[in-house]
Amino acid sequence: MERDVIVLYIIAGVSFSFALFNCILFAIKHGKTMKTKGTIVSIKSTNPTNENWRNAKFAKVSYLAGGRNIVSKNRIQVPFASRIGTPLTIRYDRNQPEKIYGYSMKRIIAGFLIGTGSVMIAVFMQIH
């Protein structure tokens, strides 16, 4: 097998694993979480220099839950373009409203699509 094909299968494996993990979290927590709109109040970057490549942002979010304004205890990963004050949709635990989750149906679908696309390209490359 060529290295390109092996890399594509590795990408597919990682993508399917990511999607499956998020799918399992979604199934376990289904009915135990609530969705709401929040606002980013604090951002940390994995690489605080001006380097955009290999960088991620993690944010604490302020949101309304159970009639009170809450700031999350944990951070979730947010898009790199996010800034303090950026609105976003989040999920929080009904029993522990300060705890938010980063999984979503979009992540599950994206993981499966990337995995499927990688497998299809790898198979196409092997045939030709």
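Listing for the model above:
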{"quantity": "Cα gyration tensor, segment 60-128 - rounded (a/c under 1.5), prolate or oblate", "calculated": "prolate"}
{"quantity": "Rg over Rh, two decimals, the chain (C-alpha only, Kirkwood Rh)", "calculated": "1.08"}
{"quantity": "For N95, net neighbour charge (Lys/Arg +1, Asp/Glu -1) across residues whose Cβ lies under 14 Å away", "calculated": "+4"}
{"quantity": "Links that overshoot a 19 Å alpha carbon limit, given the list K29/K106; K44/K106; K35/K73", "calculated": "K44/K106"}
{"quantity": "Spin-label pair K99/S62, simplified geometry with 7 Å Cα→Cβ offset, distance in nm", "calculated": "2.4 nm"}
{"quantity": "Cα-based helix-to-principal-axis angle, 105-127 vs the chain, degrees rounded to 10", "calculated": "10 degrees"}
{"quantity": "Residue (of F16, I90, F80) at the positive-pole extreme of the chain, dipole from beta-carbon charges", "calculated": "I90"}
{"quantity": "In degrees, nearest ten, helix 3-29 long axis to first principal axis of the chain (Cα)", "calculated": "30 degrees"}
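Laboratory data are not the source of any read-out in this text; all were calculated from the coordinates shown. All values reported here derive from a predicted model rather than from experimental measurement. Positions of Cβ are backbone-derived with ideal geometry, glycine not excepted, and every protein chain shown enters the neighbour counts.
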